[in-house]
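One structure is given below, encoded as structure tokens.
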């Protein structure tokens with residue numbers, strides 16, 4: 001079995017990469033992928049903690065987070081498709097939907 005500290009380290013690295021990608025990119029699809037990377041890093045940490053302490057709670061939280069991530073992707077892609085059909089761009093700098 002893998003030592004949970006390695007899994008927690010991997011989760012921290014993935015979380016950092018996801019944050020960096022979300023803050024530096026202007027493409028909405030890439031920002032959405034970075035948000036998914038952040039959620040997957042959190043899932044890895046939940047499962048590593050569950051393995052460390054022998055508890056099922058981390059697994060339950062991971063399953064709930066996966067369900068939330070699937071809903072987030074579906075809604076995000078629908079918003080981006082609608083945005084692209086109206087504005088013909090998904091660049092976050094060019095989209096000012098809430099401003100007139």
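Just so it is clear, none of the values below were taken in a lab; they were calculated from the coordinates. No experiment lies behind these values; they were computed from the predicted model shown. Neighbour counts run over all protein chains shown; Cβ positions are idealised from the backbone, glycine included.
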Would you check if there is a residue in segment 41-60 being part of a loop (DSSP other than H, G, I, E, B) and either buried (at least 16 other Cβ atoms within 10 Å of the Cβ) or touching a residue at least 60 places away in the same chain (Cβ under 8 Å) (or both)? no
Could you tell me which residue of segment 12-30 is nearest to the chain's Cα centre (by Cα), considering only residues that are farther than 20 Å from residue 84 by Cα and surrounded by fewer than 16 Cβ atoms within 10 Å (Cβ to Cβ)? 19
Picked from segment 6-40 (must be in contact (Cβ under 8 Å) with a residue 60 or more places away in the chain and in a helix (DSSP H, G or I)), the residue farthest from residue 90 (Cα to Cα) is 31
